[in-house]
Structure formats: C-alpha cells, structure tokens
Amino acid sequence: MHWIIVWRRQSFTGWPLGLWGEMVEVLSRSADGMHLRILILIAAAACCGGTAADDLAPVTATAGGVVEGRVVYEADSARPWRYRRYYVKHRKSGELAEAVVALRGRTLKSVPSPPGTKMDHKIDQFNFQFVPETTAIRAGESITFSNSDMTTHNVKSAASIATFNVNMQTDDEYTHEFERAGGMRSPVTLGCVYHGGMRAWVYVFDHPFFAVTGENGRFRFEDVPPGRYTLEMVHPAGKLRWKETVVVKAGETMAVEVRLSPDQKTLQ
C-alpha cells in the first residue's frame, strides 16, 4: 500500500541556500518511508530558523488568563462581627481566612485539572472540632475523615450530593469519594451526632478554579479560558456572600479585591 501526501509552502525566508518562493513537495512512499521523510522535513524547517515549523505545528488552544486577588473584611464598630477574631488574624489590613472563592461559568466544566493535582484530602476530628473547618475539592476527589480525640465521634452529611452517617472511634478513619458537584450553592455540611457544636463545610466543584483562603486572604487562578464569568466568594462560618462579573483575557492578569462588610452577611 502506498501513501501520497502533498505539502505546500509559500514562504521560505531564513532557509539555507537561499531557498524562497513557492514549493510543492509530493511524497509517494510506503507507510514507513513516508513517516521517516516527514520527520526529517519538519526537523529541518525547525532547526534552520525558518517559519515552516510553525505552520506545520498543530493549532493549540488560546492561552488563558489569570484571576488573582485577596479577600478583606472591613470592620464596622456599629455592627460587630463576632467571628472576626477567629478568621481575621491581621486586624489592620483585614485579610479573611477560610473564605471559599471560585469562578462560575458554563464552559468551565470541560477544563481538565492540571496533571498530578488530584488530591486525597483529610479532615480530622480534634479537640471537638473538624480540622480544617472549610474544604474545597473537585468532583471525583476523596476526603479521609479521622478521629484524634479520646472519645467517640461521628461524621454525617444529609446533602443531596453526598449522604453518609458514620460513627468513629479513636484513631478510626473513613474515606468518602465525592462524585457529584454542588458548587457554591449546595455545599456539604458536616456534623457529629454526639456533639452538636461540631460543624464543617465541603464545597465540591466541577472545574479547577476554586480556592480556600489562608491567613493572607489570597487566591489565584491560572490558565483560565478567556471569557466572562462570575467570581463568587462565600464564608460559610461567617455567613458572608459576595459576587462580581469578571472578564478574563488571554495572557492578562486580573486583580480583584474582595472587600466585605456586614452588608454581605446574606447567607442563612
């Protein structure tokens, strides 16, 4: 069996021996011979400083943009926020910890996670608290729950996307895979049937553009496909919610300052 490929090139500026103009290359070879000839042709174009290699390369997706910023809480003495002492470590600058920040858009679901970033998360029951209190994951990832207290605990969820109720003795572990996403609107609320004051939240997303802020209140999303999205922030413990439309452009960085006050206390 023989193959015939016609390759057409019109500009040869920079090629050796002064080659330029228009050329038509016809290859009529067996499968093995054709494959070898094509590799040599591409290598020659790439190493000699010409532009032929660019034209022969496959078309790649447009480079994404970056969305980054920080979450800040602005105190109001007339309306004190009782959780401020737990989540705002730097009172003067106001950076807010344990805020969930994420993009929302219909096209983001098709964006794969970067290679090697799939994680198995851990939530411990320690000193009668879930640690960490707020977790964000992508659908398909797992969380391993453990009990470091010298008493019986329980981890339960009645959420529509993840339902479980498991008793845990000291040093027990339970791993749950979260197959469905609920996004910002349908988090998994965790509790313990034996200790009503224990609580935690798990936010499950169908895309990779989410974060839980640390003490510096910062977040950063890289390689975001160009487009218009909603940037959302939720602080479940403090019952704060915020959102804003953002437009991401290829190769550009958008800096966003999420400034909160008691006016954003809209979660029930």
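How charged is the neighbourhood of residue 63? Take every other residue with its Cβ under 13 Å from the Cβ of residue 63, and add Lys/Arg as +1 and Asp/Glu as -1.
Numbers: positive: 249; negative: 222, 223, 252.
Taking every Cβ under 13 Å from that of residue 63, the sum is -2.
If we count other beta carbons within 10 Å of each Cβ, what is the order of 194, 229, fewest first? Write out the running numbers ahead of the final one.
Details: 194 13, 229 22.
Starting with the residue having the fewest Cβ neighbours, the order is 194, 229.
Using only the C-alpha atoms of the range 65-264, find the volume of their convex hull and express it per residue in Å³.
Numbers: hull volume 24.3 nm³, N = 200.
Value for the range 65-264: 122 Å³ per residue.
So which of 89/239; 92/122; 92/265; 118/243 end up more than 29 Å apart, counting from Cα to Cα? 92/122, as the Cα separations exceed 29 Å there.
Per residue, the convex hull around the alpha carbon atoms of the range 129-247 comes to 120 Å³.
Could I get the Rg over Rh figure for the range 226-268? Both from C-alpha atoms, Rh via Kirkwood, rounded to two places. Could the numbers behind the result be given before it?
On the way: Rg = 12.6 Å, Rh = 11.7 Å.
Taking Rg over the Kirkwood Rh, I get 1.08.
Residues whose amide H comes within less than 5 Å of that of residue 191, counting only those at least five positions distant or on another chain, are 156 (H built at 1.01 Å from N in the peptide plane). Working note: Karplus 6.51/-1.76/1.60 with θ = phi - 60° gives the range 236-250 the couplings x, 5, x, 6, 9, 9, 8, 7, 7, 7, 10, 10, 9, 10, 4 Hz, where Gly and Pro are set to x.
Read-outs throughout are calculated quantities, based only on the coordinates presented, and are distinct from any laboratory measurement. Predicted, not measured: the structure shown is a model, and the values here were computed from it. Reconstructed Cβ throughout: ideal geometry from the backbone, glycine too, with neighbour counts over all protein chains shown.
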